[in-house]
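The values are calculated or read from the model by the stated rules, or taken from the named source; none is laboratory data. In this text the structure is predicted, and so the values were computed from the model without any measurement. Please note: Cβ atoms are built from the backbone with ideal geometry, for glycine as well, and neighbour counts cover all protein chains shown.
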Amino acid sequence: MSTTSVEPVHAGASRFLTPLFLWSLLAIVLYPFLNLAFGSFKREGDFFADPIGPPHTVYWQNYVQAWQLARIPQFTVNSAIVATGTVLLTLFSAATCSFALSRFRFPGQRIIYLAFIILLTLPVQIYIIPLYVIVAKARLADNLLGLILCYSAGNLPLSVFLFKTYFDGIPAELLDSARLDGCSNWLTFCRIVLPLSKPILATVTIFTFVQAWNEFFLALVFIHNPDLQTLPLGLQAFFVNQFQTQFPQLFATLILSIAPIVIVYLLLQRQFIAGLTAGAVKG
């Protein structure tokens, strides 16, 4: 009797507490972004009078100044070149490598895969000196191609792990049928595996694009030409000096800089979620 009376109470509490907990998490995540957006529409005096509240009047001039003074178009083009090149090179390298690791047996296969997993734990600061020596000797410093190669190499471990996990879940019968129909390994990869891998392709694309778009440390080390600076590197010099920080213009600049990431995610969100959950349930 007591058991049947307690269960509805727990069920009702769960129905109430779960949405409350989720809404609380959503508010915690959204608050910094809303504060950033509110500040970008304020005049400087209004911002210091009320830094965290919504703007009383919308002041679009902050975005105009950010676009014109911070050289956002030029930095955006540089970042777009680097991010797009990194995504394409990472997708091709990681997908082909993972297909070989997943579907072929050869000496050293497990050691190679284990090496990729170990590289996931190493931050770039550990090997920045030998990396800089390699880039300098290859004459790729102050070159967007140098950033693309470095970013692609840095994204390979995670990308290979994600791709291989996904490829392991593709039924072997599909690949065997393609080979019986006369497809080579390359045609099997292009015509069978890749069309089935849209979710993981979208997942790796988003992860890689965000990393390449936001990366600052390697860009600071390798890029010294102001005309080749990426967006995170180029924006550090604007609206912040030793005497004053122009917060409304800075916030407007930050909003403009994250807009491409939001657009990419919105375009690929369905495939992204499917890619994250792929392989979670087998059988």
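Can you name the helices (runs of 4 or more DSSP H) wholly within the range 139-258 that have at least 1 residues being at pLDDT below 85? Walk me through it before giving the result.
Working: elements: 144-168, 172-180, 185-188, 198-214, 217-222, 231-235.
Here the list reads 172-180, 231-235.
Restricting Ala70, Ala11 to residues that are at pLDDT below 85 and within 30 Å of Leu218 (Cα to Cα) narrows the list to Ala70. For the range 113-127, the candidate set comprises residues that are of a type in the set (Val, Ile, Thr) and in a helix (DSSP H, G or I); within that set, the residue that is surrounded by the most Cβ atoms within 10 Å (Cβ to Cβ) is Val124. Taking the range 53-84 as the range and being over 26 Å from Ser152 (Cβ atoms), of a type in the set (Val, Ile, Thr) and either assigned by TED's automatic domain parsing to the domain that holds Cys150 or in a loop (DSSP other than H, G, I, E, B) (or both) as the test, the residues that pass are Thr57, Val58.
If you go through the range 128-148 and keep only what is exposed (fewer than 13 other Cβ atoms within 10 Å of the Cβ), in contact with a helix residue (DSSP H, G or I) (Cβ under 9 Å, 6 or more places away or on another chain) and of a type in the set (D, E, K, R), you end up with just Arg139.
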